[in-house]
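The values are calculated or read from the model by the stated rules, or taken from the named source; none is laboratory data. Source: prediction; values computed, not measured. We place every Cβ from the backbone using ideal geometry, glycine too, and count neighbours over all the protein chains shown. Heavy atoms of the whole protein, side chains included, go into the accessibility calculation; ligands, DNA and RNA do not. Shrake-Rupley method; radii C 1.70, N 1.55, O 1.52, S 1.80 Å.
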Amino acid sequence: MIDVNNETDARIDEVEFAELARYVLAKMHVADGAELAIMFVDELTMEELHVQWMDEPGPTDVLSFPMDELRPGTPEDPTPAGLLGDIVVCPSVAARQAAAAGHSAEEEMLLLTTHGILHLLGYDHAEPEEEKEMFALQRSLLLTFLANR
């Protein structure tokens, strides 16, 4: 079950974000029925979460809160359904990043959502090799999702 909740004034296509999440989870071989919440929040809320959970000032673009520590499966052995976790995205921060990167705010939020799902599945980018793997995977997942919609 994928729950998308927009707590901001930003225009969010909840269906598209749910479809993206289903697509990414399927490609990562997570069984149907995994629970995931995607929330869109304002900068004040994001800043509070950023300080509380990461001990860092200011709002950030995306935060991930894993629950059952699910990991990617394989076609032969998909990850069983469970409580994947929560992703929190800040549309106004995403919009600024999108403008700087030269693409739409929606594309940036889709990228951030993909990034957040990969974090929930155990990917990280603290080390250069991890970053290279994670960013290549998120790019591939997002481009194939966009190409198929």
Quiz prompt | Length gained when the stretch E107-E131 is fully extended (0.36 nm per residue, less Cα-Cα span) | solution = 6.6 nm
Exercise. Please identify, among M28, M39, M54, the residue showing maximal mean-square fluctuation in a Gaussian network model of the chain using a 10 angstrom Cα cutoff.
Key: M54
Quiz item: Mind checking which of Q97, Q138, Q52 has the largest fluctuation in a GNM of the chain, springs on alpha carbons under 10 Å?
Solution: Q52
Practice problem: Would you please name the trypsin sites (Lys or Arg not before Pro) within region 1-34 that are DSSP coil residues with at most 10 other C-beta atoms within 10 Å of their C-beta? | Solution: R11
Quiz item: With every protein chain present, what is the per residue accessible area of the chain (1.4 Å probe, Å²)?
Solution: 54
Quiz item: Using a Gaussian network model of the chain with C-alpha springs under 10 Å, which one of L137, L36, L121 is most mobile by mean-square fluctuation?
Solution: L137
Self-check item: region 1-91: GluC sites (Glu not before Pro) falling in loop per DSSP and having at most 15 other Cβ within 10 Å
Solution: E7, E69, E76
Quiz item: What length, rounded to one decimal in nm, is gained on full extension from R71 through to L143, with 0.36 nm per residue of separation minus their alpha-carbon distance?
Solution: 23.7 nm
Practice problem: Run the accessible area of region 17-137 with a 1.4 Å probe and give the carbon-and-sulfur part as a rounded percent. | Solution: 53
Practice problem: Would you mind calculating the relative contact order of region 27-149 from Cα pairs under 8 angstrom and at least 6 residues apart, reporting the percent as a whole number? | Solution: 26
Quiz item: Each residue of region 51-64 in turn: what ³J(HN,Hα) in whole Hz from Karplus with 6.51, -1.76, 1.60 and θ = phi - 60°, glycine and Pro shown as x?
Solution: 5, 5, 9, 10, 6, 10, x, x, x, 10, 7, 8, 10, 10
Quiz item: If you find the alpha carbon centre of region 2-27 and of region 117-132, how far apart are they in angstrom?
Solution: 21
